[in-house]
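Nothing in this text is a laboratory measurement; each read-out follows from the coordinates by a stated rule. Values in this document were obtained by computation on a predicted structure and should not be read as measured data. A quick note on method: Cβ atoms are made from the backbone with ideal geometry, for glycine too, and the neighbour counts reach across all protein chains shown.
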Amino acid sequence: MTRILSILEAAQIEPPKAPAIAESLGIAFSAQEDDLTKRLMTKLDGAEIRRELEVKIEGTKAEIIKGMFLFWIGQVAATVAIVKFFIR
């Protein structure tokens with residue numbers, strides 16, 4: 001805050017106004033810094049998100065494998081039906 005005050009005084013801002021402006025800027029910067037700190041993701045947040053994604057990916061992989069299995073059973077059944085049709 002002293003740096004802001006010295007800049008304001010160098011800009012020839014009237015002495016009673018300069019400290020008030022410097023203090024209000026300091027408060028604003030402090031509030032903004034607190035807000036930014038709250039929005040930062042910590043390592044724990046990242047690890048939790050990663051675990052959630054891994055669970056979702058595992059579930060998706062299981063669904064894909066199940067779908068592939070059903071597809072191949074259908075293909076085998078269709079092939080057997082075609083072969084039986086041509087054999088008769």
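Of 14, 23, 63, the residue with the greatest mean-square motion in the GNM of the chain, using alpha carbon springs below 10 Å, is 14. GNM on the chain, alpha-carbon springs under 10 angstrom: the most fluctuating residue among 18, 62, 77 is 77.
Just how large is the dipole of the stretch 1-40 about the Cα centre, in debye to the nearest 20, putting +1 at every Lys and Arg Cβ and -1 at every Asp and Glu Cβ? Don't skip to the end; give the middle numbers.
Details: 4 positive and 6 negative charges, 20 e Å.
Rounded to the nearest 20 debye, it is 100 debye.
For the chain, modelled as a GNM whose springs connect Cα atoms under 10 angstrom apart, the maximal fluctuation among 73, 57, 49 occurs at 73.
Taken one residue at a time, the phi angles of the stretch 10-19 give Karplus couplings (6.51, -1.76, 1.60, θ = phi - 60°) of 5, 7, 6, 7, 4, x, x, 7, 4, x Hz. Gly and Pro are set to x.
Placing a label point 7 Å from the Cα of residue 7 along the Cα-to-Cβ direction, the residues of the stretch 23-61 whose backbone N falls under 17 Å of that point are 23-33.
Annotation: the residues 85, 29, sorted from fewest to most other C-beta atoms within 10 Å of their own C-beta, follow the order 85, 29.
Over the chain, dividing the summed -39,500 (n - 2.57) contributions of all DSSP H runs of at least 4 residues by the number of residues returns a 222 nm mean residue ellipticity of -31000 deg cm²/dmol.
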